[in-house]
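Notes to accompany the following structure.
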Amino acid sequence: MVVDTGRRTLVRLIDRERLFSTLDQAVEKRVTLISAPAGSGKTTLLRTWIDHLRDNRRVVFTSARNHEDEQAFWLDLLAALRAGEATVPTPTFSSAVMVERVLAQLNEHRDPFVIAIDDAHEFARDALVHIATLIARLPAHARAVLASRHDLRLGIHQLRLSGEVAEIRATNLEFTESETRELLESSGIVLSGEAVRTLQQRTEGWAAGLRLAALSLAVDSDPETFVAQFSGSNRVVADYLLAEMLERQPEHVQRLLLTTSILERFNADLADLLAETSGSDSILLDLEDANAFVVSLDRQRSWFRYHHLFRELLRLELRRSTPDRIAELHRRAAGWFADRGYAIEAIRHSQAAGDWQSAAWLLTDQLFDLLVSGHNETIASLLEAFPRAVRIDHPELALVDAALETQQGRFEEAARDLDVAQREAKTLPANLQAGYGVGIAILRLGLARRQGQLDSVIEQANCLGSCGVLRAMALMNLGIVEMWSGRLADADRHLRDGAELSQEIGAPYLHVICLSSLGFASKVRSFASARDHSERAVELAQRYGWENETIVVPALLTLAGTPIWAGDFITGERWLERAQKAMKPDTNPPEEMLLHIVSGMLHVGRNRLRDALTEFSEAERMQSRMLGEHVLAAQAIGWAISTKARLGLLDDARGMLAAVPSPRAAAPEIRNAAAAIELEAGEPAAALAELRDVLDAHTAPIHDFVLVEAQLLAARAYLELENEPEMISSLEKALGLAERERLLWPFAMTGARDVLTKLPRHKTAHAALLLEIVDILDGHSPRGNALSTAAGELSATELRVLRYLPTNLSRSDIARELYVSVNTVNTHVRNIYSKLGAASRTEAVERARQLRLLGH
């Protein structure tokens, strides 16, 4: 195709091999229908495909557009079949007779034959009847290909039922990104990858749009800027769409198209409202069937949108023809969407109408529903759409600002905006004040949660209602702060309640947050419980497309930490990488502290102590960003001190220990760190003195792993003091505590390999575990889940129940953990016993440990 633009620019055709292949397969059937809008490349595809096929079969190409009447078409087709032999018009022309003559001519040829008819939409209805007759009676070696702008009524249902009809539609003809690049490069136009991607997305791969863009690009001095600004209002595109699409429609259809162009999506009811008419449903369906750049969005064909470029052209024409109506159209649309619960669209149309008051109230009123639905970025864009002067005049928007600032880690700004919102609450209409006040309380609660202010959170939570989204948010925030503050039993209870309530009210975003945090909090019950809740949180997040959002970070970190505790550093690292990807730095100090601690644990397990020290030190820094005491603060500083001691940085370790404030200095984690310093300094007796309160249970540890560490440090001290009986006793206690939950990582943290090798195998009840720990400390992977045939028969649910058998949970407790009935748990337990050849819970656990089924 040559187009003269003043510089004789050539827009070359390109071979689209994937479409050639599609057509090659399609013509194996009796008839192929190509249905797509004007400018989709139907004619070009047919012509280039015919050139591609010419050596393989005989093809006749004709176009309905090129003939003045039906007789001219049939005569032309017959002449082509006769290899150019002239045919003469006759006043006694009969289409039925011509069909018979064409069929007779086809039957004279036994070679594969294709009749390709372009612009078939130009045929009158009577002519289509005769075309359908021809198609239905084609001989076995003949095929027909019809290209049209809309679906043709050919009455070939029997052929469809027998699988003899192939269809190629607009979506098949769309240019891919690589084809777009090839088309441009064939015309000497080189764009960046991003610009090519943008152009393909703007045109939706529409061939005519791309070629029209290419003509302009060839003479544009700044092609990258041209692409960024390219739209349906571009002159050459607008002229084409006006001539080929809009001006061909009746006046009432044009009115519907123009008035609904303000919408991103619409249905017949909304179209009727804006166009002030009725019957839009049939019009929209007809337009889609006619490939008039109207696209249905659902299987029921009840919601529609326009092709991007066509919508932009329509909006341009609306601005030209009736600019004074646009605001009113947006107001009507806003009201329609608001009445039906489509908050985001209602707010956007209120803003477009300049109705800032309604938009501000709508956004404030719907803020928490949007938050718990995961629409954080949408909230930000809606807020940004308010002019600065409007935001000043509508103080209720301070509530929205505070919500976003809290999530972005801008805590001081959030607190100031909440103060503004509190002061201005009385200026709102009376019917909005109550909900607005609750909204302020919810946001203060969320802010306090991220800053670790337990007392403030409890105070705010008690101010909220007893049901619905707000109650679920209160339970979620309260549970998370209790979790980070060390009140794990309370956190476990409130997060469970929040998860159940979120599920009841249909708030999956809140449900994921509660489950994700419950994974960490439920360690108070068992690691099995922690893992199960975390897995459920990740599964639910993946279902909604939230697997890379910050709400799943606690679950991902729990799933990373659990295998690391068991010495499976490969699995732990895989989960940790996902958590690092989902975490947004400087937005949630409590979670960032956990991230650095788990990262440090991984480095310790791989004997990279300096890297571990960096992570533990960073975790300690996170504590300085919080107003309350984090449950892992003592753990972070204790491990940082111990790591410094093991690196030989004894003066630094002692200085860090001396700087620990009094209340925290008494924590078991800090006493263990003090003992580690003494051991590295060659003072085993002093180390035992530091451990005395921990070993005698005078201070409550956060978890058994603290006691495992203490016993291992004591064993090292007794070894240096040459007290073998006490060394063996301490090691046995450490192994016994470690075996239930597979707490193997403390053996790496305390550098326990040498003391483990001193334990005679015949003097331990944990010989298999001991050998595995030594393997892990030597850098080998865990022995894994080497399943026997019987163990391999355990179902996924039975394996989940099996995880709980080593714990102290009763069967009813396990049922609650798994959200199933006690009878279901009983059935699974009986199956587990049978498949493992066990007669009791103890035997089942022992057999499972031998098979390494409880290792991860």
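Derivation of every value follows stated rules applied to the coordinates shown; laboratory data play no part. Predicted model only: the values in this text are computed from it and were never measured. Cβ atoms come from the backbone with ideal geometry, glycine included; neighbour counts cover every protein chain shown.
Brief remarks on what is shown
- Dipole in debye (nearest 20) - region 146-218, about Cα centre, beta carbon charges: Lys, Arg +1; Asp, Glu -1: 260 debye
- Extension gain, E194 back to T797 (0.36 nm per residue minus Cα-Cα distance, nm): 212.4 nm
- With Cα atoms, 0 to 90° folded angle of helix 125-136 axis to the chain main axis: 70 degrees
- Of interest is the spacing of the C-alpha centroids, which for region 478-518 and region 269-332 amounts to 44 Å.
- Rounded, prolate or oblate (a/c below 1.5 giving rounded, otherwise prolate when a/b exceeds b/c) for region 584-634 by Cα gyration tensor: prolate
- Projecting the Cα positions of V190, A214, T171 onto the charge dipole of region 171-225 (unit charges on Cβ atoms of Lys, Arg, Asp and Glu, taken about the Cα centre) puts T171 furthest along the positive direction.
- MRE, 222 nm, helices only [DSSP H, n ≥ 4, -39500 (n - 2.57), over the chain, to nearest 500]: -19500 deg cm²/dmol
- DSSP beta bridges confined to the chain are antiparallel in about 20 percent of cases.
- The relative contact order of region 67-195, computed from alpha carbon pairs under 8 Å that lie at least 6 residues apart in sequence, is 20 percent.
- The phi torsions of region 571-579, fed into the Karplus equation with coefficients 6.51, -1.76 and 1.60 and a -60° offset, translate into couplings of 5, x, 5, 4, 5, 5, 4, 5, 5 Hz, rounded to whole numbers, with Gly and Pro shown as x.
- Annotation for H252 and R753: the two label points, set 7 Å from Cα along the Cα-Cβ direction, are 8.6 nm apart.
- With respect to the chain, whose longest principal axis is taken over its alpha-carbon atoms, helix 508-521 is tilted by about 20°.
- Placing +1 on each Lys and Arg Cβ and -1 on each Asp and Glu Cβ, with no other charges, gives region 476-566 a dipole about its Cα centre of roughly 220 debye.
- Lysine pairs with alpha-carbon atoms under 23 Å apart, the chain, spacing 8 or more or separate chains: 4
- Sorted on the mean count of surrounding Cβ atoms within 10 Å across their residues, most packed first, peptides 240-252, 409-421 read 409-421, 240-252.
- Its relative contact order, with pairs defined as Cα atoms under 8 Å and 6+ residues apart, puts the chain at 6 percent.
- Rounded to the nearest 20 debye, dipole of the chain from Cβ charges on Lys, Arg, Asp, Glu: 1340 debye
- Karplus 3J(HN,Hα) series, Hz, for region 326-333 with 6.51 cos²θ - 1.76 cosθ + 1.60 (x for Gly, Pro): 5, 4, 5, 4, 5, 5, 4, 4
- Region 157-222: relative contact order in percent, alpha carbon pairs under 8 Å with at least 6 residues between: 35 percent
- Positive-end residue of A402, N826, H349, charge dipole of the chain with Cβ unit charges: N826
- Mean-position separation - Cα centroids, region 522-595 and region 395-456, in angstrom: 29 Å
- Share of pairwise Cα separations in region 567-685, more than 22 Å, in percent: 34 percent
- Gyration tensor (alpha-carbon) shape descriptor, region 472-577, a/c threshold 1.5: oblate
- Helix 177-186 vs. the chain, principal-axis angle (Cα, 0 to 90°, nearest 10): 50 degrees
- Gyration tensor (alpha-carbon) shape descriptor, the chain, a/c threshold 1.5: prolate
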